[in-house]
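Undergrad: First, the structure itself, so that you have it in front of you.
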Amino acid sequence: MDALEGQESLDGIAGTVREAVRGLPLGQGRDVLRGLWLGHPLHPVLVQLPIGSWSSAAILDLFPGESRAARRLVTVGLVAAGPAALAGWVDWAEQRPRQARVGLVHAAANIAAVTAYAASLAARTKGRHALGRLLGFGGLTIATAGGVLGGHLAYRQAAGVNHAEAVPVLVEPGWHRVGKLDDFPVGEPVRRTADEVAVVVVRGEDGVLNALADRCSHMDGPLHEGKILEGCIECPWHGSRFRLSDGANIQGPATAPQPRFDCRVAPDGTVEVRLASP
């Protein structure tokens, strides 16, 4: 897997495919496919149906008299593979180069599996059940290999995970000084640390202070380098937007909210922050 991650020869085709995926006219559907409404990526949820259908078809293929049911399951898997693949491509288009290389091969394996199952369905429809079963077993084998790559992406390379999940564990309870009030110009994000955790503090035109964890929950992007737009801060790396008042993510690719900090100004003009309650 390490060798695959380092295959820079894949970067050319990855760049071409990435631009094609980003150029799809999906509108708000892009955030739906990302899983913004769900709170985590949608792709792992959608893949359950094709994998489950094809695995069930393989079991039925081991028993006589189950060819019709197996054919129906193969069909269901093929229909369900489309939305699952589209959600996966939308996620993949925002990944780092090493992740994108593994993801590209993961996608190629899944395309090969779908092709095998399409051929299996065609053979079954023509009454060539032995060939259909053989192609089905081959497709399941390829899909399993693709699943191994998907697992590597998720659990080894942390694709799709919440990169801000550890913040509540790392910050000690209580108030932490982050500077004087004059250190925070109106409308400008300023990076500070609270118990060694990076925090971005924004002072609004109304004088209200808001603070969020600085590293974006999507891919660790530095929010303090982003823009302030309509009460939100936009990550400079991939464009995720988080509402300053509560950390809610209102635009992907991030699917998890940003940890929020309460703010107060001490009598001596020192700004203090503490991790807000969930």
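Undergrad: Can you tell me which residues in segment 197-211 are more than 8 Å from Cys263 (Cβ to Cβ), in contact (Cβ under 8 Å) with a residue 40 or more places away in the chain and among the small types (Gly, Ala, Ser)?
TA: Gly204
One line per residue, one yes/no per condition, for (1) within 22 Å of Val90 (Cβ to Cβ); (2) modelled with pLDDT under 95; (3) not in a loop (DSSP other than H, G, I, E, B):
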{"site": "Ile228", "(1), (2), (3)": "no, no, yes"}
{"site": "Ile233", "(1), (2), (3)": "no, no, yes"}
{"site": "Pro236", "(1), (2), (3)": "yes, no, no"}
{"site": "Asp246", "(1), (2), (3)": "no, no, no"}
{"site": "Pro253", "(1), (2), (3)": "yes, no, no"}
{"site": "Ala256", "(1), (2), (3)": "yes, no, no"}
{"site": "Arg264", "(1), (2), (3)": "no, no, yes"}
{"site": "Val271", "(1), (2), (3)": "no, no, yes"}
{"site": "Ser277", "(1), (2), (3)": "no, yes, no"}
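Undergrad: Something else about it: Do we find a residue being hydrophobic (A, V, I, L, M, F, W, C), crowded, with 17+ Cβ neighbours inside 10 Å, under 30 Å from Ser217 (Cβ atoms) and touching a strand residue (DSSP E or B) at 6+ places or on another chain (Cβ under 7 Å) anywhere in segment 32-49? Step through it out loud before you land on a result.
TA: Taking segment 32-49 as the starting set, the residues that turn out to be hydrophobic (A, V, I, L, M, F, W, C) are 32-33, 36-38, 42, 45-47, 49.
Subsequent filtering for residues that are crowded, with 17+ Cβ neighbours inside 10 Å retains 33, 36, 42, 46-47.
Within this subset, residues satisfying the condition of being under 30 Å from Ser217 (Cβ atoms) are 33, 36, 42, 46-47.
Okay, now just the ones that are also touching a strand residue (DSSP E or B) at 6+ places or on another chain (Cβ under 7 Å), so 36.
Yes.
Undergrad: From Ala109, Ala119, Ala154, grab the single residue that is under 25 Å from Gly65 (Cα atoms) and either part of a helix (DSSP H, G or I) or in contact (Cβ under 8 Å) with a residue 60 or more places away in the chain (or both). Steps first, answer last, please.
TA: Values: Ala109 fails: under 25 Å from Gly65 (Cα atoms); Ala154 fails: under 25 Å from Gly65 (Cα atoms).
Exactly one of Ala109, Ala119, Ala154 is under 25 Å from Gly65 (Cα atoms) and either part of a helix (DSSP H, G or I) or in contact (Cβ under 8 Å) with a residue 60 or more places away in the chain (or both), namely Ala119.
Undergrad: Taking segment 246-275 as the search range and keeping residues that are among the aliphatic types (A, V, I, L, M) and farther than 17 Å from Leu38 by Cα, which one is nearest to the chain's Cα centre (by Cα)?
TA: First, pick out the residues of segment 246-275 that are among the aliphatic types (A, V, I, L, M): 248, 250, 254, 256, 265-266, 271, 273, 275.
After this cut, where a residue has to be farther than 17 Å from Leu38 by Cα as well, the list is 265-266, 271, 273, 275.
Details: Val265: 37, Ala266: 39, Val271: 34, Val273: 29, Leu275: 25 Å.
So, considering only residues that are among the aliphatic types (A, V, I, L, M) and farther than 17 Å from Leu38 by Cα, the one nearest to the chain's Cα centre (by Cα) is Leu275.
Undergrad: Right, next: For segment 1-41, how many residues meet the condition of being within 29 Å of Gly136 (Cβ to Cβ) and without any contact (Cβ under 8 Å) to a residue 60 or more places away in the chain?
TA: 1
Undergrad: Looking at segment 74-92, which of the residues that are buried (at least 23 other Cβ atoms within 10 Å of the Cβ) and closer than 22 Å to Gly127 by Cβ is nearest to the chain's Cα centre (by Cα)?
TA: For segment 74-92, the residue satisfying everything is Gly77.
Listed here are the residues, each with its yes/no results for (1) loosely packed, with under 15 Cβ neighbours inside 10 Å; (2) touching a helix residue (DSSP H, G or I) at 6+ places or on another chain (Cβ under 9 Å).
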site	(1), (2)
Leu181	yes, no
Ala194	no, no
Leu212	no, yes
His218	no, no
Thr255	no, yes
Pro259	no, yes
Val273	no, no
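The values are calculated or read from the model by the stated rules, or taken from the named source; none is laboratory data. These figures come from a predicted structure and were not determined experimentally. Backbone-built Cβ (ideal geometry, glycine too); neighbour counts: all protein chains shown.
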